[in-house]
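Read through the structure below, which is laid out as structure tokens, and then see the notes.
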């Protein structure tokens with residue numbers, strides 16, 4: 001134990017290591033605070049939905065009820081959906097700053113609504129967020145380099161290496177002690193603030209331990225790299241320079257190169273094409289016989305086929321039917337678009353096995369449910385909810401049941417969908 | 001040869017002998033070339049794709065059959081943001097903003113299908129462009145090549161020897177500056193060659209390109225001076241390296257990420273739901289076109305009847321429903337403009353905050369300079385959004401006027417089986433509607449946007465030179 005205490009004293013006497021460790025802890029705490037405040041802001045925005053929605057829907061319900069037409073209510077009523085941040089989201093904000101976490105939809109064609117974004121400042125999103133994942137993936141390796149680049153070469157340059165190797169429990173054991181000690185401090189500077197923030201946010205123990213384990217593994221990767229470079233017996237300066245170059249390549253250059261190659265290998269152009277095709281299909285309905293649309297709609301949805309025939313004047317059930325037919329006509333493109341996105345995501349994840357920086361980022365955003373998969377899962381929930389909205393309003397439109405003010409309270413609520421899933 | 005040139009020559013020879021340095025330099029040049037080529041071809045293919053989609057959307061619009069004008073208001077039009085030639089050098093926020101927009105009546109849609117939501121998580125690691133290489137990677141290479149330039153000499157005592165031989169301090173420092181400056185020039189050269197290739201593209205602008213070249217030259221020169229400065233100030237070359245890498249990490253990696261978080265927290269942005277609901281609320285307060293007794297629309301009707309000197313809307317020479325649509329669109333659009341203006345102002349405040357923090361990080365200043373001159377910053381996106389809104393308003397109002405003049409009120413309100421045909425106007429009208437033509441900003445206005453960033457970069461350079469001249473005077477005293 002005495003030897004450990006001795007090493008500890010040596011480590012804490014070096015100004016560079018103390019400054020580095022304190023700085024890392026401060027940066028970690030700042031990143032956690034930034035992540036927590038962003039997540040709190042998003043939660044507050046979600047918590048504010050019911051009040052503002054009540055005001056909005058109340059005004060619409062009042063005059064829609066006067067007409068008694070369920071189509072009017074369905075056309076003008078926007079229903080909110082939201083994607084609440086997971087307890088761990090503060091650690092890796094992932095896509096949550098560029099993809100919407102609140103989206104209001106109406107029972108009209110979904111393909112013209114589901115790709116909408118929210119307001120965000122692109123210049124602020126461009127450099128990426130300052131969160132725990134950033135500190136771990138980008139900054140922590142620099143601290144490993146600062147603490148490990150001269151682990152052995154420093155002693156050699158000071159002329160002490162041979163003496164240390166000759167000491168009892170010197171040599172390999174000494175380097176082990178020093179390595180473990182430095183690792184422990186780095187891990188604590190990262191992990192302790194994180195663990196406190198995780199407990200405070202109610203992250204379950206499994207996810208917390210997983211993040212801690214990932215952090216430890218990532219630190220060990222860089223320590224191993226520093227050790228490998230150290231074996232070349234270069235000077236401390238050369239070690240530091242080559243490690244920093246490795247950092248540059250592994251953390252900045254290779255991921256950007258891979259990004260270019262993945263986006264080139266898996267082209268995604270269909271996004272705007274879906275929107276164009278769906279619009280064409282929807283608007284075409286005005287130029288073809290209405291019965292043609294209804295036949296197509298009833299063929300897919302026989303449950304409404306016994307609805308009375310269309311009157312000569314405008315009827316909303318036809319309007320909503322052609323919107324749904326428009327959605328269904330682009331189902332293949334939607335599927336292809338999604339597959340391409342998933343392919344890009346999979347390729348990047350696969351790269352994570354070779355590039356630890358990418359792997360850690362992918363793992364953290366997965367655990368925090370802030371990655372593309374979570375975005376797509378949110379879109380799935382929107383689709384399911386939209387299906388409920390259609391069913392609800394069709395129940396009035398296709399059965400010619402009047403829609404009163406009280407009926408708008410019976411409309412599906414996104415919260416119920418989330419509760420059903422839970 | 002004078003002593004300065006000799007020292008520069010000697011320093012360069014040392015660098016060339018350092019195999020790792022040479023490999024790193026070659027790799028950087030290769031990286032720049034790959035970046036220049038890939039972002040040039042990316043810019044070309046994106047520009048081509050958007051042009052193709054734009055013309056497909058225009059053809060679809062023109063090919064519409066006879067339709068009621070209000071149907072066309074909802075059929076709307078798709079527009080695609082064109083990508084300027086300088087985006088090949090610095091695409092800026094292009095990947096982070098939607099690049100297509102659906103324009104229709106009484107709604108303001110968001111720009112959708114940005115790359116950031118269509119790419120893997122790698123997009124958040126940065127984008128491989130010449131701008132990225134010069135902003136982020138090149139300074140680190142210069143640090144590796146130059147951290148020891150003076151620290152090494154004082155560490156080994158060779159600085160004293162030089163001075164004993166009668167070399168002036170200033171000559172030593174200038175020699176080191178010249179050597180590292182030459183490397184910086186070589187580092188920047190491939191990107192500038194790529195830049196010249198872009199200059200051959202139509203629409204490329206000389207003034208903003210000059211500002212970009214000047215800005216990057218100033219930025220790399222700043223790093224050269226900073227490196228020699230730190231190397232002069234510390235006693236050991238290892239300390240110089242660690243201090244410089246730390247400086248680089250803070251200025252280039254850390255602050256650009258922290259600044260947006262500060263701006264985000266300091267200036268809140270209304271989200272879309274809040275804005276939509278606020279617009280709906282304001283609209284209800286202004287006038288409710290669905291309410292027959294609404295005072296605003298009753299007054300509008302009264303005014304209209306008086307203007308045409310008739311007693312009922314049926315007697316009007318124009319279609320009252322079209323006039324109502326024009327008035328309604330005027331109301332909603334005024335609100336769109338107001339709320340969009342508030343949001344733009346808030347975002348501009350956020351960006352100003354980031355620029356203020358940029359006083360402490362030349363990398364932030366250079367980034368904003370570069371994007372502003374390339375026209376790919378927030379202001380460039382806003383320019384597109386504002387032109388899109390102006391076009392949307394003009395198109396919708398043309399269609400509304402067409403409804404007022406081309407469809408009679410009696411046809412428009414009829415529900416008999418033949419009414420649908422009578423409500424339609426001839427398809428030749430669609431072809432006559434103007435197409436969206438993005439008015440690219442002038443070179444002077446792009447250059448003006450880049451000036452604050454340029455001032456910060458050059459200011460840093462001046463301060464660093466001042467500090468270096470002071471450090472030079474005390475060189476070798478310890």
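Readers should treat all values here as calculations from the given coordinates under stated rules, not as data from a laboratory. What you see is a predicted model, and the numbers here were worked out from it, not measured in a lab. Note: ideal-geometry Cβ built from the backbone for every residue, glycine included; neighbour counts use all protein chains shown.
Model label points for residue B:196 and residue B:315, set 7 angstrom from Cα along the Cα-to-Cβ axis, are 7.8 nm apart. Just checking the listed ones, A:213, A:51, A:241: in the Gaussian network model of chain A with Cα springs under 10 Å, the one fluctuating most is A:51. For the stretch B:3-473, the relative contact order is 25 percent, taking Cα pairs closer than 8 Å that sit 6 or more residues apart in sequence and dividing their mean separation by the residue count.
Springs between Cα atoms under 10 Å define the GNM used for chain A, and in it the highest mean-square fluctuation of A:44, A:20, A:140 occurs at A:44. Where the centre of each part is set by its Cα atoms, how far does the stretch B:183-201 sit from the stretch A:372-412, in angstrom? Spelled out, the Cα-based centre of one part sits 56 Å from the other. What do you get for the angle between helix B:443-473 and the principal long axis of chain B? Use alpha-carbon atoms, 0 to 90 degrees, nearest ten. So the inclination is approximately 20 degrees.
Averaged over peptide B:265-278, how many Cβ atoms belonging to another chain are found within 10 Å of each residue's Cβ?
Working: counts 5, 0, 2, 2, 5, 2, 9, 9, 16, 6, 2, 4, 10, 2.
That works out to 5 on average.
Computed per residue of chain B from DSSP H runs no shorter than four, each worth -39500 (n - 2.57), the mean residue ellipticity at 222 nm is -23000 deg cm²/dmol. Where the centroid of each part is defined by its Cα atoms, how far is the stretch B:218-257 from the stretch A:143-163 in Å? Going from one Cα centre to the other spans 23 Å.
Legend: ranking of residues B:187, B:354 from fewest to most surrounding C-beta atoms inside 10 Å; resulting order B:187, B:354. Neighbour counts of other Cβ atoms within 10 Å put B:305, B:103 in the fewest-to-most order B:305, B:103.
Once the Cα atoms are used to define both axes, helix A:372-397 deviates from the longest principal axis of chain A by about 20 degrees. In this label model, residue A:48 and residue A:205 are separated by 3.8 nm, measuring between points 7 Å along each Cα→Cβ vector.
The calculated 222 nm mean residue ellipticity attributable to helices in chain A amounts to -22000 deg cm²/dmol, summing -39500 (n - 2.57) over DSSP H runs of n ≥ 4 and dividing by all residues. Counting, for every residue in B:95-102, the Cβ atoms of other protein chains within 10 Å of its Cβ and taking the mean gives 6.
Model label sites at residue B:359 and residue B:6, defined 7 Å from Cα along the beta-carbon direction, differ in position by 4.5 nm.
Arranged from fewest to most other beta-carbon atoms within 10 Å of their beta carbon, B:457, B:183 become B:183, B:457.
Give me the angle, in degrees from 0 to 90, between the Cα long axis of helix B:255-266 and the longest principal axis of the Cα atoms of chain B, rounded to the nearest 10. The answer is roughly 40 degrees. Partner shielding of A:92-100 amounts to 4, given as the average count of beta-carbon atoms from other chains within 10 Å of each residue beta-carbon.
Each part gets one Cα centre, and for the stretch B:15-44 versus the stretch B:381-420 those centres are 54 Å apart.
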